2 protein chains.
Amino acid sequence: MYPFLDSENGCLLNGMSHTTGIRQAQKLKTRQALLDAALELLEHQSLSSLGLREVTRAVGVTPTAFYRHFDGTAALGVALVEETLGSLHGMIGAILADTGDSEERLDRSVDLITRHVTEQPAHFRFIAREQHGGVGQVRAAIAAQLRGFALEVAQVLGAEPESAGWDREDLLMLGGLYVDHMVLTASALLEAGPEGEQEVVRVARRRLRLVTLGRAHWLDRP
Amino acid sequence: MYPFLDSENGCLLNGMSHTTGIRQAQKLKTRQALLDAALELLEHQSLSSLGLREVTRAVGVTPTAFYRHFDGTAALGVALVEETLGSLHGMIGAILADTGDSEERLDRSVDLITRHVTEQPAHFRFIAREQHGGVGQVRAAIAAQLRGFALEVAQVLGAEPESAGWDREDLLMLGGLYVDHMVLTASALLEAGPEGEQEVVRVARRRLRLVTLGRAHWLDRP
DNA sequence: GAAGTCAGTGAACAGTCGTACTCTCAAAGC
DNA sequence: GCTTTGAGAGTACGACTGTTCACTGACTTC
C-alpha cells in the first residue's frame, strides 16, 4: 500500500508513541515524497508544465492520491516555496550578525550562499525559476517570502551604526537590493556550474562591495 | 489558405516589386503570426508548458505548418528572444548617451524603461520569465543577449570621465549590475501593475542612485 | 472488539499533445 | 506554358493529461 516505504521506516514509525499517530505520519511521509519528487522533476522544467501524474509516477502512487495532499500542482508549488524559504529565515541573521570587518563579512556572505546553493541546488533553482514563472500563486508566495527577507535584512542593517540617519524606506530599499542579489547570485551559480563558480563568486563580491560603498556615502549630501 | 490574412495585406503584398517574392513574404507573415500568438499565450504560462498546437490554433493554422518555421517550441522561444532583445540594442546608447546631470539622467533611464515596459509588456514579461526558465536553449539565448547589453553599457560607461582608472573587469561588473537591475525593474513593474507603478519607479531610482554612489567612490581606497 | 475514518487503489472519462504521413495548389523558375 | 517547389491542409497515430467515481483495508476511536 505504501510502495515507496521500506521496512526500516516502518519499524521507525512503530517505535513512535501513540501520540503521533501512524496514519498521520504515513500521510506526511507521502506528502514529503511528493514534494521531493516534484523538486527533482522541476530541475529541467518549470512548474506550469509539471504534470500531476508525472509526480505521482515518480513517487509510486496513484494520481488520485495526489489530491489527498494538494489541490493541484499550484498548491504543491506554494508548499515547495514554504519548504525552501521558510527554513532559511534564520540564516539572514547568521550572515549579517557577524560584525567584523566589512570586507571579510562580505566575502563570508557570498561563501555562505555558495555553500547553500551547492548543497541543495534544486531548492534554489526552483525559487529562481518560479520567482518570475508562470504560476501566479507561486510567484506571490515567493514574493511574500522575499519581502520578509528584505525586511529582516533591513532590520539588522538598521541596528548598525553605519545606518544612522537612514529612514525606514531607504533601509527597505537596501534590504531588497541585498536579497535580490542573493537570488541573482544563486541563479548565476547554478547556471555556471562547478567550473564557473569562482568567476561568479568574484563578480558577486565586487557587486556587494560596490553596493556597500554606495551605502557608506548614501547620506553624503542632501 | 491564409485565414489570418485580410485583403488589405494582400494588396500591400501585391504592391511589392518582384524582388521580394510573394511566397517568402507570406511565409514571413505566418512566422510573425506564430511569434505574436506565442507571446500572447506566454503571458499566463511559461515556455516549457506552451503547446505547439496551442500556438497554431491561436493563429488559425494547421499544427503541421508549424514545422515549416520552427523545429519546436524551444526554437520559437529562441526566435522570440532575438525579436525582443535584438531590437533593443540601440536603446542602451539612447539611455546612457545623455551626458547631463547624473540625477536627471538616472530618472530618465528609469522612465524610459517604464515606458517601454508599459508599451510592450508581453515582450518584457517573456524575457523576465524565461531568463531563469525551464528551457535551456532559451536561457542561453537570453544570457547571451544580456551579456551583450552589459558589454555595451560597460563600453559607454568606460568612455566617461567618471570611469578613469577602472579596469575592464570592473566595468563589466558595473554594466552587468545595471542590466540586471533593468530586468528586475521591468519584472517588478509588470508584477505591480499600473497602480503600483510609481512605487516601483521610486525604489528603482533609489537603487540606481545607490549604485551610482558606489561607482563614484569605487577607487577611493586601494 | 465493533464501528468509523480516510490514505491510497484501480478503472474510466473526455481531452490534448507531438509527430508522421499524403495531398493540394498557388507561386517561382525556366 | 511547362515543370518544379514548398507552405499549408487534412488525417491518423499512440501516448499522455487532469479529474471523477466507487472501492479496499489498515489504522483510529470509543
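A:Glu103 label point (Cα plus 7 Å toward Cβ) to equivalent points in the other copies: 3.3 nm, shortest first.
Principal-axis analysis of the Cα atoms of chain B puts helix B:102-119 at an angle of about 20° to the longest axis.
Evaluated over the Cα positions of the protein assembly as shown, the convex hull gives a direction-averaged projected area, one quarter of its surface, of 27.7 nm². Across the stretch A:84-96, computed HN-Hα scalar couplings (Karplus, 6.51 cos²θ - 1.76 cosθ + 1.60, θ = phi - 60°) run 6, 8, x, 7, 9, 5, x, 4, 3, x, 4, 6, 8 Hz from first to last residue, x flagging Gly and Pro. Footprinting exposure proxy ranking of A:Met182, B:Met173, fewest other C-beta atoms within 10 angstrom first, gives B:Met173, A:Met182. When Rg and the Kirkwood radius Rh are both evaluated on Cα atoms of the stretch B:62-111, their ratio Rg/Rh stands at 1.34. With its label point defined 7 Å out from Cα along the Cα-to-Cβ axis, B:Gln198 lies at 5.1 nm from the matching points of the other copies, in increasing order. Restricting the calculation to Cα atoms, the stretch B:119-222 shows an Rg/Rh of 1.03 when the hydrodynamic-style radius is the Kirkwood one. Using a cutoff of 8 angstrom between alpha carbon atoms and counting only pairs six or more residues apart, the relative contact order for chain B works out to 19 percent.
Loop-located GluC sites (Glu not before Pro) in the stretch B:101-204 (DSSP state not H, G, I, E or B) with no more than 16 neighbouring Cβ atoms inside 10 Å: B:Glu195.
For the peptide B:200-210, the mean number of other protein chain Cβ atoms found within 10 angstrom of a residue's Cβ is 4. Residues whose amide H falls under 5 Å from that of A:Gln120, counting only those 5 or more places apart or on a different chain, are absent, with hydrogens built in the peptide plane. Over all other residues within a Cβ to Cβ distance under 9 Å of A:Arg68, the charged ones net out to +2, with Lys and Arg as +1 and Asp and Glu as -1. Helices in chain B, meaning DSSP H runs of at least 4 residues, each add -39500 (n - 2.57). Divided by all residues, the mean residue ellipticity at 222 nm is -23500 deg cm²/dmol.
Relative contact order for the stretch B:121-222: 26 percent, from Cα pairs under 8 Å spaced at least 6 residues apart, divided by residue count.
Across peptide B:45-57, the average count of Cβ atoms from other chains found within 10 Å of a residue's Cβ is 4.
Please work out whether chain A counts as rounded, prolate or oblate from its C-alpha gyration tensor, where a ≥ b ≥ c are the square roots of the eigenvalues and a/c under 1.5 means rounded, while otherwise a/b larger than b/c means prolate and anything else oblate? Cα axes put chain A in the prolate bin.
What the phi angles of the stretch B:24-33 give under the Karplus curve with 6.51, -1.76 and 1.60, with θ = phi - 60°, is a coupling list of 5, 5, 4, 4, 4, 5, 4, 4, 5, 5 Hz, glycine and proline written as x. Partner chain Cβ atoms within 10 Å, averaged over the residues of A:122-128 - can you pull that number for me? What the average comes to for A:122-128 is 1. Distances from A:Gln32 to itself in the other copies, using label points 7 Å out along the Cα-Cβ axis, amount to 5.7 nm in increasing order. Using θ = phi - 60° in the Karplus curve 6.51 cos²θ - 1.76 cosθ + 1.60, the 3J(HN,Hα) couplings for the stretch B:207-214 round to 4, 4, 4, 5, 5, 4, 5, x Hz; x is entered for Gly and Pro.
Bear in mind that the values in this text are calculations on the coordinates, not laboratory data. Note that the coordinates shown come from a computational prediction; the quantities given were computed from them, not determined experimentally. Heads up, the Cβs are rebuilt from the backbone with ideal geometry, glycines too, and the neighbour counts pull from every protein chain shown.
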